[in-house]
Each structure stands twice: as structure tokens, then as C-alpha cells.
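Participant: Questions regarding the structure given below will be posed in turn.
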Amino acid sequence: MLKIKSTIAISDSGFVFDAGTGDSFSLNNTGLEIVRLIKEGKDFPEIIQKVSEKYEVDEESFERYYYDFVATLNQLNLIEKDGED
Amino acid sequence: MSKLTFERPIIQRINAGLPSKYGMPRRLDPISHIDGTSIKSLLDEFGSPLFVISEQTIRKTYKEAHRAFSSRYPNVQFSWSYKTNYLNAVCNVFHQEGAWAEVVSGFEYQKAIENGVPGELIIFNGPDKSTDDLRLAIENNSLIHIDHFDELYELIHLSKEMGERPKVAIRVNMDTGFYPLWDRFGFNFENGEAWDALNRVMASKTLDLLGLHTHIGTYILSTDGYRIAAEKLASLAVKLEKKYGHVLKYIDLGGGFASKNTLRGAYYPGTDTAPSFDDFAEAITSALMSSEIKPDHLPMLILETGRAMIDEAGFLAGSVLATKRLADGRRATIIDVGVNILFTSFWYDHDIRPVEAVSDQSEDTTIYGPLCMNIDVIRGNIMFPLLKKGDHFVIRRVGAYNMTQWMQFITLRPNVIMLDSKGKPHLIRKKESLETINSLENTPEHLKNFEL
Ligand SMILES: Cc1ncc(COP(=O)(O)O)c(C=O)c1O
């Protein structure tokens, strides 16, 4: 399962700080919601359900955005490496 | 309860406001219209990709350039450099504005004639003029710019054989402090070869020496190079008058002014670094006016400005084919425009913009063309908004050299349209079809059939 690194603090405004590296990032609203859902330990089917309750988005688009977004989190070193499946 | 619209999730690194190697990140504003006409509607009507030329911008640029020189010098003539863009509609806008034609091959020469340019207003440059080309140019009283001694002697022979007096100029190359030296064209100034050639022309008695020509290079950012070039040509004119009492009709300083495109890897954008027409005009005209040429013998000043005259008027619009991630995680966007039709992406970091308004978020992106080749990169490392398949983009300042150097490779060359002064589109070059290509081919009888 996906796990956000434990050194990472996330503010309500979407400001992300990695205490391990000193890097900071900003999330847009949907990015923030998804990161929170990941932090809560939700998996993809749960996340897509949550999101489509609230937003107008078709499943295929969401799936593409989601995996692209997770790839970016990975690239930015925000995902626990040994936390991956 | 109606649902909210979903914005694509995005995360971005915050760079503590420090300028990166590429300067402060700049927002790429979308460009949705050209001269008031919607790019999206043009793509719907004429297909993607599509070259769009703004007639209004050509005329405006021409007038600007002409004013810069004619407000400083009594006798100025522009000559449209065909190689830069020889679509007939484009040439004719320049001819309507008053430009002569500058050509460098028999093909370009014929094009100018067919466009209706009078032979005596065609400047024939370059090392490649066949005997037939020269004959025709002599008959038409065109201005033949001699590139090498072989051509000079051939002209002397032809003048005798035809009983005509060809109108000629000598092309001079020189050190203007700008490198590389373009010393493969014409006769060198510093080593005395140009002066030798002029003496040879004067001695022939059968050639009518009208002018001096130089073209010091291309995409030149230094106005000083032009000052030096003008001074050196003026000194030759003075020497000719002293020795032979011969007064030249014109001095031709060629092309080469930088356009506002940004060279690949340049730190500052071309919009900041390219001198204005006024800057170039000031350098050139003040050098001529303060030379020892007698005021009443000041020759016509000819300019063959190419890229700075047309780059701005050309746009290339197209569509996103796909987005993907590279092995290192960076974003790649694949578009339907490759280096085959956008040759200048080898030189320039082209200004590419989304057509539709997209999110403010951008990402370090490499923009690839559709060709199955590694060299097919339109922009490396650009902070670019996230576009998706089917979204449109437009590339600015592509008017020079692309529509002449484009290659038919893997795909076909697209439609080219010109927006007239009211923004109305006119198809000025039809897109190629399989038929266009196959009509030039011939399959021998024994290769027509096969069984698989
Ligand atoms: C003889 C001559 N004149 C004019 C030009 C136009 O040059 P530019 O597009 O740099 O203004 C060229 C381009 O190579 C040229 O060779």
C-alpha cells in the first residue's frame, strides 16, 4: 500500500514540508484531498469513490490523473519506498 | 446537489523564489487568437497542424523596418530574401509594400519572375548560377552579384558572346568582429581579393559595375558588425571613384538582423536581446553618411533582411498527441509538430503556448514531435502547463526558413493559411497528400506486382 513518508508535514492550505530534506511543495485542492486520503490509508477504489461523490469526473480521467499524480509524488521523494506494494 | 468540477491534482516544488538557470519562472499566457481569429476554429477548418501567417504583421514589420532606414538615409531599398519564405503570397505582400526580389538559385529566380517582379529588380546572389541562369539574368537586366572568379570570367565570356553589358555587383566578405567569418561567399576584403575583383571588372569594360554587396552572417545581435561592414564597403566605393571616377549606384548590406526568437540555451530571451531596426539603421546609415563618399554620390542602400522581417508573422498551431513520463520522472508532451516541419527548433527555444486557458500549474516538460527519432525535440526543459491529448498549442515566430527548409519525412507538409488584414483566412499552400508524393515516383514494370 502507498504510504506518504513520515517526515512530511502538510498544512490545511496545501503547503507541504519535508523535514527530512528541507524541501517544500504546494498542492492544489484536489491534490491535497488525495494526499490526505492516501495518508488515511485509503486505497484506489476507496479514493475514487470518495472523489466521485464530491466531484464531476469520469472514472477513466480520474484514474489517469491519479496515477500520474502518484508518479509525481514518487518522483519528488514523498512516498515511502518500502511502503510500496 | 450538483457536483464540483474536478481539477487535476497537482503538486509543485517551491523554489524559495530563487531564479533558476532559466530565470524567474514565467507564466505562459495562452494565445487563443491571431489577428482576432480563433486558432481553434482555424484548426477545425484547416486541420492540425497548421501554419498561420499574419499579413497584417508582415506589413507592420516591413513599414517599421523601412521607416527606421528611410528616416535616416535618402535612398533605401529592401529586397525580399526569397529563401527565407518563398510562398508566393508572402513574397507578393512584400512586393506590394515595395520590396524587390533577392534570389540565390535558378528556381528562386523563376519564382520571382512568375510572381511578376521585373527582371531589373531581381538581385541574383549565391555561388550556384548555371550558365543558362546567367544568360537569362543578363537578358533580363537583373543585378548579378558575383560570388567567385569563375563566375566573373564566365560573365565576361557571356557578355562578349551575347553582345550585352551585364549589370553586376561584387560580393565582399570581411572581418566584422563577428564569428564565424562567412568567408566562403564572395571575395575577401582584408586580403585585397575584393579590390582585385573590382579592378578585374573595371578592366573588362564589358561589365556594368553597379554595386557592392555583403552579407555578414545571420541572427546577428551586434549592430557594430554592420557599422564595420558599411565602413569597409564605403571605403571600396571611395577607392573606385578615386581610381576610375566610377560612381556606384548601390551598396547592399545583405540580411542577418536577429529576429526576436531566443537562441537555444540563451540566458536572456530574444525579445530582450535583439536590437531594433532603429539600432541597426543607426549603425549602418551613420557609417555611410560619415564616410568619404561625396554627399551627392551617396549610393542607394539595399537591405535583404529575411528573418527579422517575417519570423514574427508566422505561427504554427497544432494538437497534443499524448503525455507521458520519462524514465527520470520528468513530463514529456508529444505533439503533432516535428522538426521535419519546424526546422528552426534546432536553433531556437521557440515560444510555445497553450491555445486554451489551462491551469496555472506547470511542470518541467520536454516537448517532443511525432517522428520516431531521438532528435525530434521541439523544446527541452520548459516549464509548461499540463496539457492533455487533443489540447491545442501554438508556436510563435516561425515565419522564417521553416516553410522553405521543411522536409517531407514520415508525415506530409500541412496547410499554410494567411490571415488577411481583416483576419479572414486564405489557404496559400495546400497540404500535401499521398498523391502529391506518389505523382513524382515511378515504379518499373517488373516491380509493380508481388505476392505475399
Ligand atoms: C545573400 C543573403 N541575403 C539575405 C539573407 C537573409 O538573411 P537573414 O534571414 O539572416 O536576414 C541571406 C540568408 O542567408 C543571404 O544569404
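Participant: Quick one: in the protein assembly as shown, what % of C-alpha pairs are over 47 Å apart? Before the final figure, lay out the partial values.
Facilitator: Working: 41225 of 143916 pairs.
Of all Cα-Cα distances in the protein assembly as shown, 29 percent exceed 47 Å.
Participant: If N is the number of residues in chain B, what value comes out of its Cα radius of gyration divided by 2.2 N^0.38 Å?
Facilitator: Working: Rg = 25.1 Å, N = 452, 2.2 N^0.38 = 22.5 Å.
In units of the 2.2 N^0.38 Å rule of thumb, it is 1.12.
Participant: Based on the Cα atoms of region B:187-288, what semi-axes does the equivalent ellipsoid have, where each is the square root of 5 times one gyration tensor eigenvalue, given in whole Å with the largest first?
Facilitator: Working: eigenvalues 214, 35, 22 Å².
Sorted largest first and rounded, they come to 33, 13, 10 Å.
Participant: Here's another thing I want to ask about it. Using a Gaussian network for chain A with springs between C-alpha atoms less than 10 Å apart, which of these wobbles most: A:G14, A:G22, A:G31?
Facilitator: In the Gaussian network model the winner is A:G22.
Participant: Hey, if you put +1 on the Cβ of every Lys and Arg and -1 on every Asp and Glu Cβ in chain B, which of B:T344, B:F69, B:H297 ends up farthest toward the positive end of that dipole?
Facilitator: Most positive-ward Cα: B:T344.
Participant: What residues qualify as long-range amide H neighbours of B:I428, i.e. H under 5 Å apart, gap of 5 or more or another chain, H built at 1.01 Å from N?
Facilitator: Close amide H contacts, sequence-distant or interchain: B:V416, B:I417, B:M418.
Participant: What value in Å³ per residue do you get for the convex hull of the alpha-carbon atoms in region B:105-225? Don't jump to the answer; show the numbers that get you there.
Facilitator: Details: hull volume 13.4 nm³, N = 121.
About 111 Å³ per residue, rounded to a whole number.
Participant: Summing -39500 (n - 2.57) over the DSSP H runs of n ≥ 4 in chain B and dividing by its residue number, what mean residue ellipticity at 222 nm do you reach, to the nearest 500 deg cm²/dmol? Intermediate results must be reported in sequence, preceding the final value.
Facilitator: Values: 13 runs with 131 residues, N = 452.
Computed ellipticity for chain B at 222 nm equals -8500 deg cm²/dmol.
Participant: Hey, what do the phi angles of region B:412-419 turn into as Karplus ³J(HN,Hα) couplings, whole Hz, using 6.51/-1.76/1.60 and θ = phi - 60°, x for Gly and Pro?
Facilitator: For region B:412-419, the Karplus-derived couplings read 9, 6, x, 4, 10, 10, 10, 8 Hz, x marking Gly and Pro.
Participant: For region B:308-317, in order, what is each residue's ³J(HN,Hα) by Karplus, 6.51 cos²θ - 1.76 cosθ + 1.60 with θ = phi - 60°, in whole Hz (x at glycine and Pro)?
Facilitator: With coefficients 6.51, -1.76 and 1.60, one gets 5, 8, 10, 3, 4, 7, x, 10, 10, 9 Hz.
Participant: Give the residue list of GluC sites (Glu not before Pro) in region B:147-207 that are DSSP loop and have at most 13 other beta-carbon atoms within 10 angstrom.
Facilitator: Numbers: sites: B:E151, B:E154, B:E161, B:E164, B:E190, B:E193; in loops: B:E164, B:E190.
Here the sparse-neighbourhood loop sites are B:E190.
Participant: Taking a threshold of 30 Å on the Cα-Cα distance, which of the pairs B:K83/B:K260; B:K40/B:K111; B:K260/B:K294; B:K40/B:K324 fall above it?
Facilitator: Working: B:K83/B:K260 19 Å; B:K40/B:K111 33 Å; B:K260/B:K294 36 Å; B:K40/B:K324 24 Å.
Pairs exceeding the cut-off: B:K40/B:K111; B:K260/B:K294.
Participant: Another question, if that's okay. Over all distinct alpha-carbon pairs, what is the Kirkwood Rh of region B:342-452 in angstrom?
Facilitator: Numbers: mean 1/r = 0.0577 Å⁻¹.
Result for region B:342-452, one decimal place: 17.3 Å.
Participant: Here's a follow-up. Using Cβ contacts closer than 10 Å as the measure, can you line up B:E292, A:E33, A:E60 from fewest to most? Write out the running numbers ahead of the final one.
Facilitator: Numbers: B:E292 11, A:E33 18, A:E60 8.
Sorted ascending by nearby Cβ count, the order is A:E60, B:E292, A:E33.
Participant: Let me ask something else. Quick one: which residues, 5+ away or cross-chain, put their amide H under 5 Å from the amide H of B:I378? H built at 1.01 Å from N.
Facilitator: Answer set, sorted by chain and number: B:I367, B:Y368, B:G369.
Participant: Next question, about the same structure. So which trypsin sites (Lys or Arg not before Pro) in region B:409-444 are both in a DSSP loop and have at most 13 other Cβ atoms within 10 Å of their Cβ?
Facilitator: Within region B:409-444, the qualifying trypsin sites (Lys or Arg not before Pro) (loop, at most 13 other Cβ atoms within 10 Å) are B:K422, B:K430.
Participant: So if I average 1/r over every pair of distinct C-alpha atoms in region B:55-311 and take the inverse, what Kirkwood radius in Å does that give?
Facilitator: Working: mean 1/r = 0.0542 Å⁻¹.
Here the Kirkwood hydrodynamic radius works out to 18.4 Å.
Participant: Please list, ordered by chain and number, the residues whose modelled amide H lies under 5 Å from the amide H of B:R413; skip anything fewer than 5 residues away on the same chain.
Facilitator: B:E432
Participant: Still on this model: What are the ³J(HN,Hα) values, in whole Hz, obtained from phi via the Karplus relation 6.51 cos²θ - 1.76 cosθ + 1.60 with θ = phi - 60°, for each residue of region B:35-46 in sequence order, with x given for Gly and Pro?
Facilitator: Working through the residues one at a time gives 6, x, 9, 6, 5, 4, 5, 5, 5, 4, 7, 10 Hz.
Participant: Students often forget the sequence filter, so: which lysines lie under 17 Å Cα-Cα from B:K422 once same-chain residues fewer than 8 apart are removed?
Facilitator: Here the lysines satisfying the reach criterion relative to B:K422 are B:K60.
Participant: While we're here: Can you work out the base-10 log of I(q)/I(0) for region B:211-253 at q = 0.16, 0.20 1/Å, using the Debye formula on its C-alpha atoms alone?
Facilitator: Relative scattering, expressed as log10 I(q)/I(0), comes to -0.44, -0.63.
Participant: Which whole number in µm²/s is D for region A:2-80 by Stokes-Einstein, with the Kirkwood Rh taken over Cα pairs at 20 °C and 1.002 mPa s?
Facilitator: Details: Rh = 13.0 Å.
D, rounded to a whole number, is 165 µm²/s.
Participant: Give the separation of the Cα centroids, region B:393-452 to region B:101-139, in Å.
Facilitator: Their Cα centres are 25 Å away from one another.
We did not get these values from a lab; they are worked out from the coordinates using the rules stated. Bear in mind the structure is a predicted one, so any value in this text is a computation, not a measurement. Cβ atoms come from the backbone with ideal geometry, glycine included; neighbour counts cover every protein chain shown.
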